[in-house]
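Working notes for the structure below.
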Amino acid sequence: MTDVVAAAFAALRAHAQSLVGRRTLDLFAQDPNRFAEFSVALDDDFLFDFSKHKLTGETLSLLRRLAEARGLEARRDALFAGDAINITENRAAMHMALRDLSGRPIRVGQENVRQMVETEREKVYRFARAVRDGEARGATGHSFTDVVNIGIGGSDLGPAMATRALSPYRGEGPQAHFVSNVDGADLADTLAALDLARTLFIVSSKTFTTQETMANAASARARIVAALGERAVEKHFAAVSTRLDKVVEFGVDPSRVFGFWDWVGGRYSLWSSIGLALAIFIGPDHFTAFLQGGQDIDEHFRDAPFAKNIPILMGMLGVWHRNIKARGAHAVIPYDQRLSRFPAYLQQLDMESNGKAVTRSGAQVDEATGPVIFGEPGTNGQHAFFQLLHQGVDVIPIDFLVAAQPTAADAHHHALLFSNCLAQSEAFMRGRTLAEAQAQLRAAGMNEEEIDELAPHKVFSGDRPSSVFLYKSLDPRTLGRLVALYEHKVFVQAAIWDINPFDQWGVELGKELANRLSPIVADAQSSTAELDGSTAGLIAWRRAQIA
Ligand code: F6P
């Protein structure tokens with residue numbers, strides 16, 4: 001860490017001390033403009049409110065100083081220039097190229113990739129239309145009523161999250177299903193209710209080597225062959241990958257193979273052909289609106305000034321909580337049932353990107369990096385884990401997401417949903433003092449002895465920070481904006497922590513060991529002598545159960 005960076009962190013820590021004892025509510029009382037000052041509107045249909053974090057204008061100035069010391073602007077320029085910023089894999093991270101609808105050249109290294117991006121997208125759109133219109137048919141001449149995406153991680157979570165989020169945009173298209181887990185129950189349960197003669201499988205895998213996806217694809221293929229014959233495979237399978245050579249070996253008709261490029265990371269690939277299941281589900285026009293939402297945020301991230309730049313603010317607020325306040329988790333709570341998979345999607349995006357302990361140059365980091373990300377939709381979360389968020393010993397910052405308008409839902413329900421969202425955000429900030437708790441119990445007619453016993457249990461510290469993302473409605477463009485905002489937030493934090501957010505070596509060791517163990521598990525006669533005592537003992541116990 002350079003002296004300038006160390007000084008910027010030290011200044012933030014000293015400043016945090018100066019805020020001890022002040023209440024967020026007092027900051028509102030002292031500044032009638034606080035909401036306007038600490039919120040950002042995008043056009044007239046998206047609002048980011050971060051005024052309930054206990055911070056001041058000085059906090060933002062000091063965070064800005066840290067961002068400058070870490071060269072955030074130069075890193076952002078390198079990202080958009082298509083430089084090979086994923087240094088451990090020597091690749092660019094140019095997912096923004098996939099949603100750039102401007103018509104201008106897009107550079108990845110020395111190459112202008114616009115033409116090939118548009119050609120591949122057009123191919124995806126043609127196929128999506130053919131499936132939706134019933135022009136593409138199965139081996140028995142039936143149109144497809146169901147599409148099953150087989151993939152995992154970035155080849156699953158994006159389309160799975162987005163099809164749920166955008167279900168009102170399906171129209172007459174087929175239903176979408178997602179099989180990811182190598183547990184055979186996933187495929188079996190998904191297929192149980194489907195008619196194979198009307199089912200299209202999409203095998204999605206960037207590398208086309210992932211164990212889970214290859215096992216599920218082989219089983220799905222066997223099911224099709226058993227039900228409809230070998231020749232049905234080419235009619236019932238499509239594939240998405242960067243390894244077109246491997247797809248051909250699997251036997252997919254080349255006209256149904258869709259590519260993308262190694263400069264698109266798995267967890268950033270929803271914008272690419274990996275979005276095929278989504279494009280079929282919502283149709284090309286809505287998919288383009290989704291891309292447009294992503295492009296809106298790219299422009300905003302490049303052009304908006306620091307204090308009004310939403311992904312920069314999201315990232316820097318996270319740095320404030322993680323590094324200055326030592327908060328190890330971050331909750332994302334959509335008050336929007338259709339965003340139920342959004343927290344899971346963000347877990348991969350954030351934790352696979354920023355779960356790193358070495359800097360770009362390979363040295364140990366000297367500040368904490370990515371927090372644990374978790375969440376569930378509200379109001380359900382309120383009746384599950386919110387107790388800990390309100391009164392637990394750890395303070396956990398929260399992102400609330402909510403629509404101003406319901407999407408094809410009952411207005412009365414939406415009013416209740418919306419009130420709950422704002423009430424929770426307010427409660428986390430406001431809290432309840434001991435004196436307030438005592439007064440409440442006194443008003444309820446309790447005697448002083450009872451009050452002394454009960455009141456401490458009814459105290460809430462308050463000053464628990466939350467942001468609110470308020471959007472007009474959950475349409476494709478809004479979803480594109482939300483996804484791109486979080487992508488850039490993760491990038492901003494990686495820049496501050498000087499880590500590479502675009503590799504994921506940590507996933508490798510488990511994969512290697514699974515490949516080593518699977519033949520030993522499959523063959524009851526094989527020796528376990530080379531294994532550690534626990535692994536050998538667990539395998540022996542299983543062998544006894546299934547003997
Ligand atoms: O879980 C590790 C990972 O490499 C993710 O980064 C990726 O999204 C996922 O596996 C699936 O990989 P593929 O698309 O190559 O099958």
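The values are calculated or read from the model by the stated rules, or taken from the named source; none is laboratory data. None of these values were measured; they are calculated from a predicted model. In this analysis, Cβ positions are derived from the backbone assuming ideal geometry, glycine residues included, and neighbour counts consider all displayed protein chains. We work out accessible area using only protein heavy atoms, side chains counted, and drop any ligands, DNA or RNA first. Shrake-Rupley method; radii C 1.70, N 1.55, O 1.52, S 1.80 Å.
For the reader, a short list of remarks on this structure follows.
- Beta-bridge orientation, the chain: approximately 30 percent antiparallel, per DSSP, counting only bridges with both partners inside.
- Once the Cβ-Cβ distance of Glu448 and Lys308 is raised to the sixth power relative to R0 = 51 Å, the FRET efficiency obtained is 0.50.
- The loop-placed chymotrypsin sites (Phe, Trp or Tyr not before Pro) in region 359-438, going by DSSP, include none that has at most 10 neighbouring Cβ atoms within 10 Å of its Cβ.
- Rolling a 1.4 Å probe over the protein heavy atoms of region 107-285, with every protein chain left in place, gives an accessible area that is 47 percent carbon and sulfur.
- Between the beta carbons of Glu436 and Gln30, assuming R0 = 25 Å, the FRET efficiency works out to 0.75 to the nearest 0.05.
- Of the residues Ser219, Phe258, Gly184, the one whose Cα sits farthest toward the positive end of the charge dipole of region 107-285, with +1 on the Cβ of Lys and Arg and -1 on the Cβ of Asp and Glu, is Phe258.
- Whole-Hz couplings from phi, Karplus 6.51/-1.76/1.60, listed for region 369-386; x for Gly and Pro: 10, x, x, 6, 9, 8, x, 8, x, x, 8, 3, x, 4, 9, 10, 10, 5
- Taken one residue at a time, the phi angles of region 467-480 give Karplus couplings (6.51, -1.76, 1.60, θ = phi - 60°) of 10, 10, 9, 10, 10, 4, 8, 7, 9, x, 5, 5, 4, x Hz. Gly and Pro are set to x.
- Amide hydrogen proximity for Arg91: with H placed 1.01 Å from N in the peptide plane, the residues at 5 or more positions away or on another chain lying under 5 Å are Asn86.
- With Cα atoms, 0 to 90° folded angle of helix 211-228 axis to the chain main axis: 50
- Viscosity 1.567 mPa s, 4 °C: Kirkwood-radius Stokes-Einstein D of region 498-547 over Cα pairs, µm²/s: 102
- Alpha-carbon centroid distance for the pair region 60-75 / region 337-395, whole angstrom: 23
- Relative pair counts by distance (%), Cα atoms of region 107-285, 5 Å bins: 1, 9, 19, 23, 23, 15, 7, 2, 1, 0
- Placed amide H near Val332: partners under 5 Å, 5+ positions off or other chain: Phe374, Gly375, Glu376, Asp399
- Helix 3-19 axis versus longest C-alpha principal axis of the chain: approximately 50°, rounded to the nearest ten.
- Alpha-carbon centroid distance for the pair region 275-296 / region 1-15, whole angstrom: 42
- Computed P(r) (all Cα pairs; region 1-155; 10 Å bins; percent): 8, 18, 22, 23, 16, 9, 3, 0
- Accessible surface of region 289-343, 1.4 Å probe, proportion on carbon and sulfur as whole %: 47
- Under Karplus coefficients 6.51, -1.76 and 1.60, residue-wise ³J(HN,Hα) of region 317-330 in Hz, glycine/proline x: 4, x, 5, 4, 6, 6, 8, 8, 9, 6, 9, x, 9, 8
- Cα long-axis angle, helix 533-546 against the chain (0 to 90 degrees, to the nearest 10): 60
- Summary: within the chain, the longest segment free of GluC sites (Glu not before Pro) located in DSSP loops with at most 13 other C-beta atoms within 10 Å is 173-529.
- Accessible surface computed residue by residue for region 347-453, with neighbouring protein chains in place and a 1.4 Å probe, gives 53 Å² per residue.
- Calculated on the Cα set of the chain, radius of gyration then Dmax: 25.6, 82 Å.
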